[in-house]
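Q: One structure, as C-alpha cells, below. Some questions next.
Nothing in this text is a laboratory measurement; each read-out follows from the coordinates by a stated rule. Note that the coordinates shown come from a computational prediction; the quantities given were computed from them, not determined experimentally. A quick note on method: Cβ atoms are made from the backbone with ideal geometry, for glycine too, and the neighbour counts reach across all protein chains shown.
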Amino acid sequence: MRLFGRETRSNNKSKTTYSFEDAELAKMLGVQIDGISNESAKEATFYTCLRIMSDSVSKLPLKLHKGTSDGTQKANDHYLYNLLKLRPNANMSSSTFWKMVEYQRSYYGHSVVVIDAHKRGKDAGKVKQLIPLNMENVEIWIDDAGLLDDTNSIYYIYTTQKGSKKVEYKFKNSEVLHFLGMTADGVQGMAVKDYLKTLVSNAQASQAYTNSYLKNGLHSKGIVSYVGDLDEGKQQALQERFKRLAGGINNAGSLLPLPIGFDYKAISTSMADAQFTELSELTIKQIASAFGIKSHQLNDLERSTNGNIEHQQKQFYVDTLQPILTNYEQELTYKLLTSKEVNQGYFFRFNVDAILRSDSKERADYITTLVEKGVITPNEARQLIDMPKFDGGDKLVVNGSYIPLEMVGTQYDKDLKGGE
C-alpha cells in the first residue's frame, strides 16, 4: 500500500496554482465540507469550536507506559514511544497528526487511520507509520452475510484518484485505527455537522444581516412620501439618491437632507426590537454545547471569574476531553500493541497535566505536600517542574515525628507503666 508518494514531473509541463480559498486544495488537505459548505465552516462559532477541540488534543503529549508491581514507568525503550511522540508518519508531526485526527472526529463523527506495518523481514508486523485518511473518501462496509470473510467483518473502503482512474483500497478492521465520536451502533459515527446544519445557517444569516446593516451605515429601510407623481425612471433616480446620501459607513450618523414636500419614515425592525443579540447568543451557546465547549473558551466572560475559570477548565477535561482521550488510548493500546505486550502491562496514555495545571503557587504547594508526605521522591518532584535530578534525591522523605499506625498510643502505655 502506498498512500504517500512522489511523482516525477518534467519542467516543461504546465503547473496549476491553488489559492487557500480553492475548494480542490481544501479537499486535498482533508477539510472538504459536506452538508455544511466551505463558507459555512468559516462561521465564527463553528470554526472556533473545531479549533478548540483540535488544539486541545494536539497539545497533549501521548506516551507509552508500562505498569509493573513497582508502579508505572514510561516505556521509552519501546519503538512505538518515539513514533507516537514525535512523528507518526513522514509528513506529519505528532501535533499535526492529532490535530487532523481530532478535526475529522469532531466534524465527521469518526476518523480512520491506516496502520502501515512492515510486511516481511525482521521487523515484520511492526508499525512503520500511521496515515490518517480523508473521511470524505471513506466508506464502511459490514459483511453481515459473510461473503468476504467471517460474519459481520468490517471493511473500510478508501477511494482516491490516480490520474484519470479511481483506485480503491480495502482495509480490514485490524488494519486501521477507528476513532469514534457519537455513535448509535458502535461502527458508524454521527456527524456533528448534520445536527448543527440549521444552527450554522442561522448564525451565518445573522452575520450576513449584521454585515449588511453596518455596510449601510446603520441605516434602516423606510418609505419616502411626497406630493405629486413620479414615473418609474424618476423613482429609481430618487432611490439611488437616497442610497448615496444616507447609505454606507461614511454616511453613518450624518443628517439626511430632504427636498421640500418629502417625508421619510423608517419601517424596518431595529436589532433591539428583534432581540437580535439574544438570538445570536442562544445560537452560539447551542453550537458550543454540541461540541462540549465551555462559555469562557469562546470569550464569553459574563459569568466567569478568576476562581471559576479554573473549575470550568477542569470540567471541560472531565466532561468533554476525558471520554475522547479514553477512546483514543483504548484503540491505540488494542490495535498497536501485541497481546503479549498488553499482558506485560504496556498501555498508551495522554498527559493531561497541561490542562489540569493550576497556578504556580497551588502547583508548588501540591508538589511540596506530595514530597513531605512521602508520596514521591524529591527527584520525581523536580522532574515535574522540568529540573534536573541531584544525588541523594531518589529516596522518600517524611517527617521524623511520624510513627506507624499500629504504634499509635503505645507511648501512653509506657508512661503509665513508668508511673506505677
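Q: Which pairs in the list LYS172/LYS193; LYS74/LYS335; LYS74/LYS340; LYS197/LYS314 are over 25 Å apart, alpha-carbon to alpha-carbon?
A: Among LYS172/LYS193; LYS74/LYS335; LYS74/LYS340; LYS197/LYS314, the Cα-Cα distance tops 25 Å for LYS172/LYS193; LYS197/LYS314.
Q: Also: Can you give me the relative contact order of the stretch 358-411 as a percent, contacts being Cα pairs under 8 Å and 6 or more apart?
A: Once divided by the residue count of the stretch 358-411, the mean separation gives 32 percent.
Q: Just want the ordering: SER295, SER54, from fewest to most Cβ atoms lying within 10 Å of their own Cβ.
A: Taking fewest neighbouring Cβ atoms as first place, the list is SER295, SER54.
Q: Summing +1 for each Lys or Arg and -1 for each Asp or Glu, what net charge is found among the other residues whose Cβ lies under 15 Å from the Cβ of LEU83?
A: Here the charged neighbours net out to +3.
Q: Quickly work out the ASN299-to-LEU238 label distance, labels modelled 7 Å from Cα along the C-beta direction, and quote it in nm with one decimal.
A: Inter-label distance under the simple model: 4.4 nm.
Q: Can you put HIS311, HIS178 in order, fewest other beta carbons within 10 Å first?
A: Sorted ascending by nearby Cβ count, the order is HIS311, HIS178.
Q: Which ³J(HN,Hα) values, rounded to whole Hz and listed in residue order, are derived for the stretch 341-349 from phi using the Karplus coefficients 6.51, -1.76 and 1.60 in 6.51 cos²θ - 1.76 cosθ + 1.60 with θ = phi - 60°, glycine and proline given as x?
A: For the stretch 341-349, the Karplus curve yields 5, 5, 5, 7, x, 6, 7, 9, 8 Hz.
Q: Summing Lys, Arg as +1 and Asp, Glu as -1, what charge do residues with Cβ under 13 Å from the Cβ of PHE390 carry, PHE390 excluded?
A: Charge balance near PHE390 sits at 0.
Q: Rounded, prolate or oblate, given the Cα gyration tensor of the stretch 358-411, with a/c below 1.5 counting as rounded?
A: The shape class here is oblate.
Q: Along Cα→Cβ, 7 Å out, is where each label goes; now give me the distance between the ones at GLU168 and ARG51 in nm to one decimal.
A: Calculated label separation equals 4.0 nm.
Q: Would you mind ranking TRP98, TRP141 by Cβ crowding within 10 Å, fewest neighbours first?
A: Neighbour counts put them in this order, fewest first: TRP141, TRP98.
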